[in-house]
Structure formats: C-alpha cells, structure tokens
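Right, one structure below, let's go through it.
The values are calculated or read from the model by the stated rules, or taken from the named source; none is laboratory data. None of the values given here were measured: they were computed from a predicted structure. All Cβ positions, glycine included, derive from the backbone under ideal geometry; neighbour counts span all protein chains shown.
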Amino acid sequence: HARSVGPYSTVTQQPLGGKAQFGGQRFGEMEVWALEAYGASNVLQEILTYKSDDINGRLKAYEAITKGKPIPKPGVPESFRVLVKELQSL
C-alpha cells in the first residue's frame, strides 16, 4: 500500500489497507511492472519507499522539502528489515 499521510502498521510501518482505516492504495506487482516498463523509475522509487515503509526516508524527505533542500536517497524499507528478523529467528 502507498500514500502520503495517515496511519501505519506498527510492525511493518506500511500504510494500513481499507477505506475504513483511511488506508493506502494497494500497489501490486503488476502495477510495479507497468511503471518499470514505462520507465517511471523515480515514481516507482517514491511509491515503494517514501510513501510506503521507509521511516527514516519519509522523515528526511519531509525535512528536505520544508527546508528547500534536495531530497536524499531512500533507505532500506522496514518490510525488508522485518523479513531479515524473521529469517534470523529460524
């Protein structure tokens, strides 16, 4: 799911789904392929990091925009960190 404001999951830091929870729009695998084929890599990067589950990137992007500075590169998505922790627990 992706969107710019609203509540996020406490575990994955991804936007909640569903209209009742003011959730984000689902952005699936086929949508990713379509943007990739179209060559919209910057839009794809924004949707999959800043507007999804990159906590630090979201904060740094907000600060950069409010201060009129260039937006820094996104960091590691929180969902990847959750995956690593689950694999370590096996």
Check your understanding: What helices (runs of 4 or more DSSP H) completely inside the stretch 19-90 contain at least 2 residues that are under 15 Å from Tyr8 (Cβ atoms)?
Key -> 55-67, 78-88
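Restricting attention to the stretch 26-45, does a residue exist that is loosely packed, with under 13 Cβ neighbours inside 10 Å, in contact (Cβ under 8 Å) with a residue 12 or more places away in the chain and basic (Lys, Arg)?
Yes - at least one qualifying residue is present in the stretch 26-45.
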Study note, to complete from the structure: Filtering the stretch 58-74 for residues that are surrounded by 13 or more Cβ atoms within 10 Å (Cβ to Cβ) and modelled with pLDDT of 85 or more leaves a count of 6
Point to revise | Pairs where the first residue, in the stretch 59-87, is under 15 Å from Gln45 (Cα atoms) and the second is of a type in the set (Phe, Trp, Tyr) and in a helix (DSSP H, G or I), C-beta under 8 Å, 6+ apart | key: Ala61/Tyr50; Pro74/Tyr50
Check your understanding: Quick check, is Val82 β-branched (Val, Ile, Thr) and at pLDDT below 80?
Key -> no
